[in-house]
Amino acid sequence: MANLQAFTSWIADYAATVTEQADYLTDLDRAIGDADHGSNMRRGMTRAAELAGAEEFTGIDTYLKKVGMILVSNVGGASGPLYGTFFLRMAGAFAEVEDAGVEEVGKGLRAGVEGILARGKAEVGDKTMYDAWAPALEAFDTAAGSGSDLAGALAAAAEAAAKGRDETEGLVARKGRASYLGERSRGHIDPGATSSTLLLESAARTLA
Amino acid sequence: MKKLINDPADVVVEALRGMAAAHPDRLRVDLEHKVVYRKDPIRQGKVGLISGGGSGHEPMHGGLVGLGMLDAACAGEVFTSPVPDQMMAATKEVDGGAGVLHIVKNYTGDVMNFEMAAEMAAAEAGTEVQSVVVDDDVAVQDSLYTAGRRGVGTTVLLEKIVGAAAEEGRSLAECAELAHKVNGNGRSMGMALTSCTVPAAGKPTFDLAEDEMEVGIGIHGEPGRQRLPLAPAKDVAAMLVEPILADLDFTGDAGAIVMMNGMGGTPLIELYLMYAEVAAILEKSGVTVARCLVGNYITSLEMAGCSVTVLKADDDLVGLWDAPVNTPGLRWGV
């Protein structure tokens, strides 16, 4: 079960992870984008991680909503609206929930990813973050359906996300700035799929 | 990295501080929201014009704020879209009762952030907002299955022309219609001789050998569609102009408005040399140049290279082009 404290640990852990991986994320973005994904995510997540110490939160939903707003206001680029919308929509799934189990977290992730889809209008195979999220959600639900607890379902989701991320290397981008490269976008891992996988790996470390 | 900066994290705010210091007669700058405004509040009944985007393209957009052009420009981090809070603040500030037009370049991040801002402004303040998304870059093909063509040089011409229309009192609907028309009639193509370095990244976005050039680049240091051996200026001009002419018929009595734009690191002597080549190709193709602009207007930091924009004109567009403008980046008729 994950309570508010677990969710604040998740955000703190992810902030530390993107800070540590900022240069790598920026390098991936340099190859097929505009070399700012790492610095943007580091800036936004650092602000989001400062929230827990600066304000009192009463619920998981109000906390995640504020995280989403901070990301919308501080990340910029496409990642700001996409990650911001993810947390804003996810927040909606935790109204009145104090301890989130596998079912609640599953609903939250699905709501968040639906937000990403509504904002970004991507499909599987477009070489975007959705190529990590789609298999991750499926793996989460399969694990949950066969009786896994939250830890097991998140581990399965993170593993599937990593596989989806690796498969973006062979794809030609059809959305986002990488799409301008056409065929030349092939052979590079998508930065958004990479940061999304890091978010799920971080969830597997902290939420369960 | 060799740049005239202090801390890479402070580049945008410190540059805005410089704009405020340099142009106190014409501009005021909200450093908290990173928005450049005209010095005087908006005239009641005038449509408010807002643009914005990543920084690093100066003078666009902050240097294009002033009489006859933009009312506000939202500055993002270098090559990163501004965030909805900035566009919200600007939208409320320049709402003179006639509504606000958002001029957005077609990049996924810019479009999403402006969309969120328009949704929030409608919900919170009830301001009427319309948007035009500029997508004029002929280097991007196959736009049906991609993010579409990028917004580049036509943005500058559009901000001038629609700015003049708003100044003479046209309505929000008329300004939006005019903006769509300018976007539909404008085409651009760019090339790079060198890459550029985003201050926060500290190294060049791509590597180009001494004898190579990148054709079909955008304005964010992103690589283009083709890497080719360096060629003489007249061949480069043909590589830029021919795809533009193949995309739209520019022959007509009113001719075209042409911009020969530098990417930031190319001297004017080369831009004028290139303009001579471009003008010769246009003349041979039966395109009359009604007006032209040569210089650095939509740049990509210190990148060497250039872009060509051709806008099919009519009497209305040329009239609006000639109307007075007084901004740090463009000034005539005043």
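Things worth noting here:
- Search result, residues across region A:88-121 that are within 25 Å of B:Val78 (Cα to Cα) and either modelled with pLDDT of 95 or more or more than 13 Å from chain B (Cβ to nearest Cβ) (or both): A:Ile116
- In region B:92-100 there is no residue matching the filter, namely being in a helix (DSSP H, G or I) and within 22 Å of B:Asn296 (Cα to Cα).
- Positions within region A:33-82 being hydrophobic (A, V, I, L, M, F, W, C) and in a loop (DSSP other than H, G, I, E, B), in sequence order: A:Ala35, A:Phe57, A:Val75, A:Ala78
- Scanning region B:258-280 for any residue that is assigned by TED's automatic domain parsing to the domain that holds B:Gly305, touching a Phe, Trp or Tyr at 6+ places or on another chain (Cβ under 6 Å) and at pLDDT 95 or above turns up at least one such residue.
- Qualifying residues in region B:60-91 (those that are part of a strand (DSSP E or B) and open to solvent by less than 10 Å² (accessible area, probe 1.4 Å)) - the one modelled with the lowest pLDDT: B:Gly76
- Flag for A:Gly33 being within 18 Å of the chain's Cα centre (by Cα), within 11 Å of chain B (Cβ to nearest Cβ) and not charged (D, E, K, R): no
- Checking every residue in region A:25-37 against the condition of being surrounded by fewer than 18 Cβ atoms within 10 Å (Cβ to Cβ) and within 26 Å of A:Ser185 (Cβ to Cβ) gives at least one match.
- Residues that are over 22 Å from B:His220 (Cα atoms) and crowded, with 20+ Cβ neighbours inside 10 Å were ranked within region B:287-309; the one that is nearest to the chain's Cα centre (by Cα) is B:Ala290.
- Number of residues in region B:42-59 that are touching an Asp or Glu at 6+ places or on another chain (Cβ under 8 Å) and assigned to a loop (DSSP other than H, G, I, E, B) equals 2.
- Of all residue pairs spaced 6 or more apart or on separate chains, those with beta-carbon atoms under 8 Å, a first member in region A:106-123 that is farther than 11 Å from A:Phe94 by Cα and a second member that is open to solvent by less than 50 Å² (accessible area, probe 1.4 Å) and of a type in the set (S, T, N, Q) are A:Gly112/A:Thr85; A:Gly115/A:Thr85; A:Ile116/A:Thr85; A:Ala118/A:Thr85; A:Arg119/A:Thr85; A:Gly120/A:Thr128; A:Gly120/B:Thr108; A:Ala122/A:Thr128.
- Residue list for region B:147-195, filter: in a loop (DSSP other than H, G, I, E, B), in contact with a strand residue (DSSP E or B) (Cβ under 9 Å, 6 or more places away or on another chain) and among the acidic types (Asp, Glu): none
- Screening region B:252-270 for residues that are surrounded by 14 or more Cβ atoms within 10 Å (Cβ to Cβ) and out of contact with any strand residue (DSSP E or B) (no Cβ under 7 Å at 6 or more places or on another chain) and picking the one that is nearest to B:Gly184 (Cα to Cα) gives B:Gly264.
For (1) of a type in the set (S, T, N, Q); (2) over 12 Å from the mean Cα position of the chain (by Cα); (3) open to solvent by 40 Å² or more (accessible area, probe 1.4 Å), each residue gets a yes or a no:
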site	(1), (2), (3)
A:Gly112	no, no, no
A:Arg119	no, yes, no
A:Ala136	no, no, no
A:Asp149	no, yes, yes
A:Ala157	no, no, no
A:Gly170	no, yes, yes
A:Arg174	no, yes, yes
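- Filter pass, B:Ile42 being touching a residue at least 24 places away in the same chain (Cβ under 8 Å) and open to solvent by 10 Å² or more (accessible area, probe 1.4 Å): yes
- Residue that is surrounded by the fewest Cβ atoms within 10 Å (Cβ to Cβ) [pool: residues in region B:271-286 that are assigned to a helix (DSSP H, G or I) and among the small types (Gly, Ala, Ser)]: B:Ala276
- Some residue of region A:90-105 being touching a strand residue (DSSP E or B) at 6+ places or on another chain (Cβ under 6 Å) and within 22 Å of A:Gly145 (Cβ to Cβ): yes
- None of A:Gly59, A:Gly53 is more than 24 Å from A:Arg186 (Cα to Cα), modelled with pLDDT under 90 and more than 9 Å from chain B (Cβ to nearest Cβ) except A:Gly53.
- Summed over region B:19-38, residues that are surrounded by fewer than 13 Cβ atoms within 10 Å (Cβ to Cβ) and either assigned by TED's automatic domain parsing to the domain that holds B:Phe206 or basic (Lys, Arg) (or both) total 0.
- Restricting region B:132-177 to residues that are hydroxyl-bearing (Ser, Thr, Tyr) and more than 13 Å from B:Leu317 (Cβ to Cβ), the residue that is farthest from the other protein chains (Cβ to nearest Cβ): B:Ser171
- Selection status of A:Gly76, in contact with a strand residue (DSSP E or B) (Cβ under 9 Å, 6 or more places away or on another chain), touching a residue at least 12 places away in the same chain (Cβ under 8 Å) and within 14 Å of chain B (Cβ to nearest Cβ): yes
- Taking strands (runs of 3 or more DSSP E) as the structural unit, those lying wholly within region B:196-270 and holding at least 1 residues that are within 14 Å of chain A (Cβ to nearest Cβ) and of a type in the set (S, T, N, Q) correspond to B:226-229.
- Inter-residue pairs, beta-carbon under 6 Å, first farther than 15 Å from A:Arg42 by Cα and in region A:1-20, second in a helix (DSSP H, G or I) and open to solvent by 40 Å² or more (accessible area, probe 1.4 Å), 6+ apart: A:Thr8/A:Ala52
- Verdict on A:Arg184 being surrounded by 18 or more Cβ atoms within 10 Å (Cβ to Cβ), more than 19 Å from A:Thr26 (Cα to Cα), at pLDDT below 95 and not hydrophobic (A, V, I, L, M, F, W, C): no
- Search result, residues across region B:99-129 that are within 14 Å of chain A (Cβ to nearest Cβ) and within 17 Å of B:His57 (Cα to Cα): B:Val104, B:Lys105, B:Asn106, B:Tyr107, B:Gly109, B:Asp110
- Scanning region A:41-60 for residues that are within 15 Å of the chain's Cα centre (by Cα) and open to solvent by less than 10 Å² (accessible area, probe 1.4 Å) yields A:Met41, A:Gly44, A:Met45, A:Ala48.
The values are calculated or read from the model by the stated rules, or taken from the named source; none is laboratory data. Computed from a predicted structure; not experimentally measured. With ideal geometry, Cβ positions are generated from the backbone for all residues, glycine too; neighbour counts draw on all protein chains shown. The accessibility values were calculated without ligands, DNA or RNA, using every heavy atom of the protein model including side chains. Shrake-Rupley method; radii C 1.70, N 1.55, O 1.52, S 1.80 Å.
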